[in-house]
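Okay, structure first, notes after.
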Amino acid sequence: MATSWTADQMPDCADKMVLITGANSGLGYEATKAFAAKGATVIMACRSLDRGREAAADIQNDVGDTGATLNVRECDLASLDSIETFADGITNDYDTLDILCNNAGVMAIPRQETEDGFEKQLGVNHLGHFALTGHLLELLVDSDGESRIVTHSSGAHEAGEMDFDDLHREQSYSKWEAYGQSKLANLLFAYELHRRFKTADITDTISVACHPGYAATNLQYRGPEQSGSQLRLAMMKIANAVVAQSAAKGVLPLLYAATSEDVSGGEYYGPSGFKNMRGAPARQTSNDASYDEKDAKTLWKTSEELTGVNYADTL
């Protein structure tokens, strides 16, 4: 357990190839900046190339000449076609990938569907990352040395429930229940991937999970903005200002899980302070449902069927 840990304690990353989804804002932006400060090559997977390039320029200006390379590429996690095109570009252009940060997400939005007809929170937060990881898995496994897949979950997973009879919440939709389900799915996926690595005797690639606690980002504003609730938007802004920790601190569990030498596959990291909402990163235990191997296998099979991405060639 790290009683005190900051991004300054990350190891040198000059020889690391890192891919971060949602890299142009919030936690993804802070993660990109931290890796850039350590000299990494960072592939910034962004839905908007314009916003991604603007973020990359700001980060380069902030960190200065560290030897880092920021490569902005378009990837819309709400589109399986976009994910496949993006992943094909990565596998064609690179022969190694050391760290994959499954970070991007949407939270508590009115019911919407992805391009492929998935409930959007499940589609972006879980299914998009499931497909992306599958497309990039061979590159990760074949990289020299250890590689890591870090999946961002949330404390909201504790209120989540996998409803395999109504996975896309077509019969009954609650934005917070759907968000909780997607964050529980993140953990079921991360832990099942670790178990499959063990079964396949893959020891140099590990799967870990993390959560940011309560971090102030624009993520909290999208739900109220899309539902047109000025009251909820104002309340979120007040909570972010008064209660939340900064995004730079909220991203520390992800950075720790991605780089610390004492991290092992199948682990879960989050802030160690008050109610796990803030503080230095520490190893934690998620709820019982997240370790349900039967649900994990059902989710895995369902995810393969929905996305058309099969991990069998590598695992």
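Taking the accessible area of the chain, probe 1.4 Å, and keeping the other protein chains in place, the carbon and sulfur fraction comes to 44%. Taking packing as the residue-averaged number of other Cβ atoms within 10 angstrom, the listed peptides 203-213, 153-163, 178-188 run from highest to lowest as 178-188, 203-213, 153-163.
The calculated 222 nm mean residue ellipticity attributable to helices in the chain amounts to -13000 deg cm²/dmol, summing -39500 (n - 2.57) over DSSP H runs of n ≥ 4 and dividing by all residues. Computed about its Cα centre, the charge dipole of the range 106-193 is approximately 380 debye, with only Lys, Arg, Asp and Glu carrying charge at their Cβ. Placing one equal scatterer on every Cα of the range 34-178 and applying the Debye formula, the log10 ratio I(q)/I(0) at q = 0.12, 0.18 Å⁻¹ is -0.57, -1.12.
Heavy-atom accessible area, probed at 1.4 angstrom with all protein chains present, ranks Asp50, Asp295, Asp98, Asp65 as Asp65, Asp50, Asp295, Asp98, highest first. Beyond 27 Å, the tail of the calculated P(r) for the chain holds 37 percent of the Cα pairs. Counting only DSSP beta bridges whose two residues both lie in the chain, roughly 15 percent are antiparallel. What you get for the range 1-74, charging only the Cβ of Lys and Arg (+1) and of Asp and Glu (-1), is a dipole of about 240 debye around the Cα centre. Accessible area per residue for the range 114-203 is 37 Å², calculated with a 1.4 Å probe on protein heavy atoms, without ligands, DNA or RNA.
The values are calculated or read from the model by the stated rules, or taken from the named source; none is laboratory data. Since the structure is predicted, the reported quantities are computational estimates derived from the model, not experimental observations. Cβ sites come from the backbone with ideal geometry, for glycine too, and all protein chains shown count toward neighbours. All accessible areas refer to the heavy atoms of the entire protein, side chains included, with ligands and DNA or RNA removed. Shrake-Rupley method; radii C 1.70, N 1.55, O 1.52, S 1.80 Å.
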